[in-house]
Amino acid sequence: MIKSKHVIATLFMAGFVFIALAAFNHAQAAEDEMSENGKMLLAQDFFEIRPVSDLANTAIASLSETKPPQERALFARQMRIHMDYALLERKMSEALIATYTPDEIKAMIAFYGSDLGKSITEKQPAFERAVSPVLQQMLDKAFTTANYGENGAPPR
């Protein structure tokens, strides 16, 4: 009698574990699907706050700085004409969804949608312009030294 109770209890527990695992797998699959759909919606929300065109136009403005002052406006206009903003948004959405969790995307939306986040976003190009030449100079020096040594001879 005790042995049969033990067998019944073991079978009951095994059945319970099986049902729990099946339910978990079903819930996980549904969560993954909802997560992808939710992430797509979050990506749309993110790009409402930080439009892809703004990001691209900031990059174009930075690139135009490499042109003589009298050529910058025409260069920027030509760049904007030839940009595929829809493709860029689709690719950026894919990267956003593949890289970040829903909670991280929500946090970015909250940050970049805040006054502080907007202020930081506006100042970012000026920061990058200030730091870029120094970084480029240091990278060039490090590259040269790594490849050719302190005295121009390859390191051993």
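The values are calculated or read from the model by the stated rules, or taken from the named source; none is laboratory data. Computed from a predicted structure; not experimentally measured. Quick reminder, even Gly has a Cβ in these numbers, built from the backbone with ideal geometry, and neighbours come from all protein chains shown.
Of note:
- Residue 106 satisfies every condition listed in (1) part of a helix (DSSP H, G or I); (2) closer than 30 Å to residue 66 by Cβ except (2).
- Tallying residues that are hydroxyl-bearing (Ser, Thr, Tyr), over 18 Å from residue 58 (Cβ atoms) and part of a helix (DSSP H, G or I) within the range 109-139 yields 0.
- Filter result for residue 35 (exposed (fewer than 10 other Cβ atoms within 10 Å of the Cβ), part of a helix (DSSP H, G or I), of a type in the set (Ser, Thr, Tyr) and modelled with pLDDT under 85): no
- Flag for residue 57 being part of a helix (DSSP H, G or I) and surrounded by 14 or more Cβ atoms within 10 Å (Cβ to Cβ): yes
- The set of residues from the range 38-65 being among the hydrophobic types (A, V, I, L, M, F, W, C) and free of Cβ contacts under 8 Å to residues at least 60 places away in the same chain comprises 40, 41, 47, 52, 55, 56, 59, 60, 63.
- Residue that is aliphatic (A, V, I, L, M) and under 21 Å from residue 116 (Cα atoms), where the choices are 97, 60, 49: 49
- When residues of the range 113-144 are limited to those that are under 16 Å from residue 51 (Cα atoms) and of a type in the set (Val, Ile, Thr), the one modelled with the highest pLDDT: 120
- In the range 69-124, residue surrounded by the most Cβ atoms within 10 Å (Cβ to Cβ) [restricted to those that are closer than 16 Å to residue 47 by Cα and touching a Lys or Arg at 6+ places or on another chain (Cβ under 6 Å)]: 97
- Which numbered condition residue 145 misses (of (1) loosely packed, with under 12 Cβ neighbours inside 10 Å; (2) more than 28 Å from residue 41 (Cα to Cα)): (1)
- Residue 93 vs. criteria within 28 Å of residue 39 (Cα to Cα), in a helix (DSSP H, G or I) and in contact with a helix residue (DSSP H, G or I) (Cβ under 9 Å, 6 or more places away or on another chain): yes
- Restricting attention to the range 49-85, the residues that are within 25 Å of the chain's Cα centre (by Cα), of a type in the set (D, E, K, R) and within 17 Å of residue 123 (Cα to Cα) add up to 2.
- In the range 125-142, residue surrounded by the most Cβ atoms within 10 Å (Cβ to Cβ) [restricted to those that are under 30 Å from residue 42 (Cα atoms) and touching a residue at least 40 places away in the same chain (Cβ under 8 Å)]: 125
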